[in-house]
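Notes follow once the structure below has been shown.
The values are calculated or read from the model by the stated rules, or taken from the named source; none is laboratory data. Quantities reported herein were computed from a predicted structural model and do not represent experimental measurements. Because the Cβ atoms are built from the backbone with ideal geometry, glycine has one as well, and the counts that use them run over all protein chains shown.
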């Protein structure tokens, strides 16, 4: 995997812009990935927005995904994303003990409403 990252910071009196980008070659060179994320409020890291574009050379298909993350409190985070193929997913992650996480997630295909959505539960315990 080849990876190139850049961080650009521009300072103003009242606004700080922090842009993170990345590009990679995946799947033995069959697909190229480019991603971007932006921390909306750098002093608190509460809200993050991002986007990713993937191009498959084998199928000649582009996939664009946009997502967001928001910290409800120091122990709870919600995330959501959607792509141009009609897949939408969301999750809520809660740290109920130090280093122990409980996650509820869901995904649905917005172009095929007759299919049942996927729902998941996860529990990660660390000593």
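So is residue 110 touching a strand residue (DSSP E or B) at 6+ places or on another chain (Cβ under 6 Å) and under 21 Å from residue 40 (Cβ atoms) or not?
No.
I want to confirm something. Restricting to the stretch 27-57 and keeping residues that are in a strand (DSSP E or B) and either at pLDDT below 80 or more than 18 Å from the chain's Cα centre (by Cα) (or both), which single residue is surrounded by the most Cβ atoms within 10 Å (Cβ to Cβ)?
31
Residues in the stretch 69-79 that are farther than 12 Å from residue 47 by Cα and in a strand (DSSP E or B): how many?
The total comes to 1.
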